[in-house]
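A.B. asks: Here's a structure for you.
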């Protein structure tokens with residue numbers, strides 16, 4: 001009888017696992033490359049994001065993913081394939097997540113912040129903004145392009161005399 005009870009319990013447990021796995025669906029998106037362009041498909045192989053992007057920064061989208069378009073912009077999508085926003089583009093790729101946030105940019109070039117889940121936490125409104133460090137980011141509403149050195153051998157930088165600090169909820173705080 002003891003062996004029969006064990007066998008029954010093991011069978012019941014196995015059946016419960018089988019039922020539990022039947023209701024589980026894989027809602028991730030997977031990067032694909034077709035004709036040298038990137039897009040994303042679901043677990044069934046259905047195209048969710050068309051293959052029209054020249055670069056791909058995410059191989060699997062569990063929450064958000066990133067691709068580069070032909071204009072040099074980095075686009076962020078959610079796992080439903082919905083465009084969320086453009087990501088601040090560094091010389092070497094997309095902005096890094098620091099303290100749970102990264103910079104985003106709108107069509108007018110204004111900078112804001114999103115969290116690592118793809119939620120916009122501070123809408124784009126600043127001419128320039130740094131990454132968060134120590135719970136603060138330095139931002140400005142006024143910016144001027146300045147050439148350093150000669151036109152031929154110099155470089156361009158940005159200058160502002162109106163810097164201030166904000167917290168992740170967008171509140172102004174005292175400097176360092």
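Taken together, the values in this text are just the output of simple stated rules run on the coordinates, not laboratory data. What you are looking at is a predicted structure, and each value in this text was computed from that prediction instead of being measured. Glycine also receives a Cβ, built like all others from the backbone with ideal geometry; neighbour counts cover every protein chain displayed.
A.B. asks: Would you mind calculating the gained length between residue 144 and residue 82 on full extension (0.36 nm times residue separation, minus the Cα-Cα distance), in nm to one decimal?
C.D. replies: Extending this stretch completely gives an extra 18.9 nm.
A.B. asks: On full extension of the chain, what length is gained from residue 117 through residue 131, given 0.36 nm per residue of separation minus the C-alpha to C-alpha distance?
C.D. replies: Extending this stretch completely gives an extra 3.4 nm.
A.B. asks: In whole Å, largest first, what are the principal axis extents of the Cα atoms in the chain?
C.D. replies: The Cα atoms of the chain stretch 90, 46, 25 Å along the principal axes, largest first.
A.B. asks: Same structure again: R0 = 25 Å: FRET efficiency of residue 62 with residue 99, Cβ-based, nearest 0.05?
C.D. replies: The value I calculate is 0.75.
A.B. asks: Another question about this same structure. Does anyone have the angle between helix 2-22 and the longest principal axis of the chain? Alpha-carbon axes, 0 to 90°, nearest 10?
C.D. replies: 40
A.B. asks: With the crude spin-label approximation of a point 7 Å out along Cα→Cβ, what separation in nm comes out for residue 34 versus residue 174?
C.D. replies: A separation of 5.9 nm, rounded to one decimal place.
A.B. asks: Let me ask something else. Normalised by the residues of the chain, what does the relative contact order come to in percent, with Cα pairs under 8 Å and at least six apart?
C.D. replies: 9 percent.
A.B. asks: Can you give the relative contact order of segment 30-70 as a percent, counting alpha carbon pairs under 8 Å and 6+ residues apart?
C.D. replies: It rounds to 33 percent for segment 30-70.
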